[in-house]
Amino acid sequence: MINHLINTKLPKLLSTSFLLLLILPYSFFTGTKASGNLRQEIQSWELPNGTLLLNLTTGTVDYRFNNGTTLNNTVAYVELLSAGKKTSTDFSKHQVQKQDINDSLGKGKRLLFTHTLAEGSADLQMQQIFTFYESSEALLVSVEISAADGMVLESRNISPISIEPAYKGKANFPWEEPILVDLPFDNDNWGKLLPLPWPTAEGQINSGTSHELTMIYDAVSHKGLTMGSLEHDFWKTGFSYNFSLKRGELLSFTTYGGAARTDDPSLPLDYGGKDGTHDVMPHGTMLSAVLRSPLIYLEASDDFRSANSNFGKMQAKLAGSLSWQGKTPMYWNSFSVEDVLGHYRVMMPKDVYKIIDFLKLQDQLNQYGQPILSIDSYDQQIYSTEVLTEIGDYARQAGQELGFYSCPFSLWTWKSNIETAILPGTEVPLREVILRDQDDNPIPFKTGDWGAFPLDPTHPATKDYMINQLTKAKTIGAKFIKIDFLTAGSFEAKKWYDPKIRTGMQAYNYGLKTFKHLLDSIMGDDVFISMAISPMFPHQYAHTRFVSTDVHSHLRDDQEGFAHYGSTAASMITASHMGWIQGTLWPFTNMDNLVMRKFQDHQELSIDEVEARIISLMTMGSILGDGSDYRDSLSAKLANQYLNSPRVAEFFSHPKAFIPIKLATGDSMDQQLTFYLPGDQYLLSAFNFAKDKEFVAQYDLKKMRLPAGNYKVEDFFTAQEISKINAADRLLTLPVKSRKATLVRLVPIN
């Protein structure tokens with residue numbers, strides 16, 4: 001593509017030299033365009049999938065992508081504690097420098113857009129940095145601010161890309177059915193990812209903040225824009241947005257470091273109620289001679305699903321990721337039967353041996369995977385080291401391994417104990433370790449007389465607390481560890497023990513790194529690590545993470561007689577957009593454990609609900625987790641039928657996430673979803689969570705790249721033939737009744 005000048009007032013005569021310049025295949029070009037009475041100097045930079053326009057007169061940047069996405073009149077900014085907000089447009093001089101680069105991500109180009117001589121701040125310099133690599137379709141963007149005299153600067157809010165009405169900024173996504181994905185900071189409180197269609201009337205939710213990552217895509221064509229932070233060692237990154245009532249247009253759109261957001265109980269759960277960072281303190285400040293924003297990944301593509309995977313791969317390449325060489329865990333977890341702590345003694349600890357005996361008889365599960373017995377959130381007095389050691393010895397004799405439960409950065413205790421208690425496993429008063437706000441009050445994580453409180457991840461006593469837990473895990477021979485309530489370690493606070501730590505994310509990354517080092521040193525590097533309640537990033541310290549919060553296996557949140565959260569439908573609203581994490585950030589996903597009959601004291605599930613739950617785990621490439629009470633004959637029968645099926649067990653021995661075709665839209669429980677998994681034998685899944693609406697799932701065989709030929713379509717669980725595909729067919733339809741899910745495989749017919 002030849003970059004060229006867009007000029008609203010072309011002169012009648014063009015010189016020969018200018019004509020030659022227009023046709024030369026330069027990728028970097030300087031020109032002018034008229035805007036009212038102001039002639040603006042523009043430099044154009046060719047991207048793999050679009051064009052970057054740098055305005056040397058105003059200091060703004062336009063992004064124009066081949067899939068139709070445009071980000072117009074964007075600015076960069078920093079809010080300095082000493083001097084207020086400074087944007088790239090506040091500077092009077094704007095220069096561009098280009099560089100060739102060759103680093104850990106490969107060969108590429110870097111563009112430095114430098115802004116100097118700000119009014120009233122002549123010693124400041126702002127530099128926007130644009131980087132792309134030969135092997136990638138993405139553009140990486142960041143901004144740095146410094147002072148000419150090396151003066152130390154301080155900020156808690158910095159943005160490399162901001163679209164604001166004050167600078168006539170707008171974002172446009174000219175597609176048939178644009179969707180904006182708003183991601184909660186963590187997976188706590190049963191908060192869902194929000195796939196938001198454009199509002200059509202005043203009064204609808206029209207603004208919000210996504211955390212660490214956002215996607216804007218067309219539900220029809222799958223064209224999209226993927227934007228995410230690639231750095232998670234200092235900033236909490238937000239993507240704030242403000243919809244226009246014009247479809248596909250955003251009035252404002254800002255990515256920024258400094259997204260610490262307090263829960264607002266007056267707002268709905270997923271719209272500011274509990275979808276933020278849960279902080280009670282402002283974001284900590286960066287204090288440096290050079291202030292740096294998060295590094296932002298930006299890819300506009302014809303298929304946002306591929307762009308998401310590309311983001312995950314680059315994230316893993318930069319930060320690292322864990323691999324797993326052993327057999328895939330297939331775990332049984334006690335929480336669905338026993339509830340928290342185990343003090344109800346529904347079956348624990350004496351009847352846990354019956355679970356071990358039952359799992360021993362599951363020949364397919366034992367052949368294909370590694371059965372794990374995971375005792376969850378237990379009372380330390382009931383589940384002493386001696387008790388767990390005995391259970392572990394018995395499990396290993398049956399060919400199973402024992403799991404362990406740990407909360408490295410939080411402590412559940414009585415609120416009245418904080419000032420007098422000792423942190424377990426240490427000799428340090430708890431009051432010295434708990435994070436505190438600006439008024440020196442303990443910061444609550446889970447409120448109540450009996451609640452959870454965040455521990456300072458940088459405190460030596462927290463390290464001793466971790467060592468105490470991991471030593472116990474080593475003593476009982478655990479080879480699987482579930483780490484929970486991790487968000488507590490990311491809270492902003494008045495201060496941390498380590499004076500070099502200035503933000504909650506910095507402390508959290510420090511704490512996870514410490515925990516992983518201790519785990520490897522004490523337990524060995526062959527322990528499978530599963531993150532439960534936690535922020536999505538940083539990811540590199542575990543083998544898997546819950547896609548959503550605990551799932552109770554009923555079909556819908558609004559189902560009478562069940563909890564108003566934790567349904568399969570609610571989990572799939574989030575999960576339908578997150579399959580790309582499997583194989584990029586983590587080798588596995590984790591959709592939490594299913595149950596065959598009922599969750600704790602809830603009502604009984606239908607067979608359709610059980611099937612939908614199993615299909616959801618398979619569709620997301622999850623490890624197999626089960627929490628059924630196998631003392632119950634019906635639960636045992638259904639486990640034999642489903643989980644010990646050779647097909648099911650073989651799939652969960654190397655689970656893979658399906659590719660979404662029809663994803664969730666909005667937060668209604670009436671979701672109708674479609675997925676496929678290519679391979680030697682294609683698998684297709686479809687979900688109809690609607691109460692009384694039929695759904696015909698459609699599969700474009702050409703887009704799925706199904707090899708031409710004749711196939712039979714058979715039910716995955718029963719192998720019963722449903723229909724046939726002839727070589728000339730290019731569309732397959734699967735009717736799915738309301739409140740049901742289906743899973744089929746395509747078997748070639750010779």
### Debye log10 I(q)/I(0) at q = 0.09, 0.10, 0.13 Å⁻¹ for the range 537-669, Cα point scatterers
-0.25, -0.31, -0.53
### Task
Identify, among P678, G150, G625, the residue whose Cα sits farthest towards the positive end of the charge dipole of the chain, taking +1 on the Cβ of Lys and Arg and -1 on the Cβ of Asp and Glu, with the dipole about the Cα centre.
P678
### Message
If I take every Cα pair under 8 Å that is 6 or more residues apart in the chain, average their sequence separation and divide by the length, what percent do I get for the relative contact order?
### Response
9 percent
### Query
What size of dipole, in debye to the nearest 20, comes out for the range 303-429 about its Cα centre when the only charges are +1 on Lys and Arg C-beta atoms and -1 on Asp and Glu C-beta atoms?
540 debye
### Query
How much length, in nm to one decimal, is gained on full extension between L245 and S606, taken as 0.36 nm per residue of separation minus their Cα-Cα distance?
125.7 nm
### Query
What size of dipole, in debye to the nearest 20, comes out for the range 623-750 about its Cα centre when the only charges are +1 on Lys and Arg C-beta atoms and -1 on Asp and Glu C-beta atoms?
300 debye
## Note on the structure
Candidate cut points under chymotrypsin sites (Phe, Trp or Tyr not before Pro) in the range 422-474, DSSP loop plus at most 11 other Cβ atoms within 10 Å of their own Cβ, are none
### Message
Quick check on the chain: helices-only [θ] at 222 nm, where DSSP H runs of length 4 and up contribute -39,500 (n - 2.57) each and the sum goes over total residues. Nearest 500, please.
### Response
-5000 deg cm²/dmol
#### Entry: Low-density loop cleavage sites - trypsin sites (Lys or Arg not before Pro) in the range 644-713, where at most 14 other Cβ are within 10 Å (DSSP)
K691, K693, K702, K703, R705
### Query
Which ordering of V551, V747, V152 is given by a fewest-first count of other beta-carbon atoms within 10 Å?
V152, V747, V551
#### Entry: Shape category assigned to the range 26-319 from the gyration tensor of Cα positions, a/c cut at 1.5
rounded
#### Entry: the range 69-124 and the range 512-590: distance between their alpha carbon centers, rounded to Å
37 Å
### Query
For K500, which aspartates and glutamates qualify as cross-link partners when the Cα separation must be under 16 Å and same-chain residues fewer than eight apart are set aside?
E154, D233, D456, E492
### Query
Suppose every K and R has +1 on its Cβ and every D and E has -1 on its Cβ; what is the size of the dipole of the chain about the Cα centre, in Debye to the nearest 20?
2000 debye
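Regarding the range 193-316, what whole-number volume in Å³ per residue does the convex hull of its Cα atoms give?
Once divided by residue count, the hull of the range 193-316 is 123 Å³.
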### For the range 660-748, convex hull volume per residue from C-alpha positions, Å³
88 Å³
### Query
Amide H to amide H under 5 Å from L402: which residues, 5+ apart in sequence or cross-chain, H placed 1.01 Å off N in plane?
L373, K479
### Message
Checking the cross-link filter: which lysines have an alpha carbon closer than 18 Å to that of K223, excluding same-chain neighbours under 8 positions apart?
### Response
K662, K702, K703
### Summary
Calculating volume of the Cα convex hull per residue in Å³ from this structure picks out, from (1) 180; (2) 163; (3) 195, entry (1)
### Query
Which pairs, out of K236/K494; K236/K463; K168/K246; K327/K360; K168/K236, put more than 21 Å between their alpha-carbon atoms?
K236/K463; K168/K236
## Note on the structure
In terms of the charge dipole of the range 26-319, which places +1 on Lys and Arg and -1 on Asp and Glu at the beta carbon, the residue among L124, G238, G203 farthest towards the positive end is L124
### Query
What chymotrypsin sites (Phe, Trp or Tyr not before Pro) in the range 324-430 are in a loop by DSSP, with at most 15 other Cβ atoms within 10 Å of the Cβ?
Y344
### Summary
Phi angles of the range 635-640, converted by Karplus (6.51 cos²θ - 1.76 cosθ + 1.60, θ = phi - 60°) into ³J(HN,Hα) in whole Hz with x for Gly and Pro, give 4, 5, 5, 5, 5, 4
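Rule-based calculations on the coordinates, nothing more; no lab input. This is a predicted model, so every value here is computed, not measured. Counting neighbours? That spans all protein chains shown, and the Cβs are built from the backbone with ideal geometry, glycine included.
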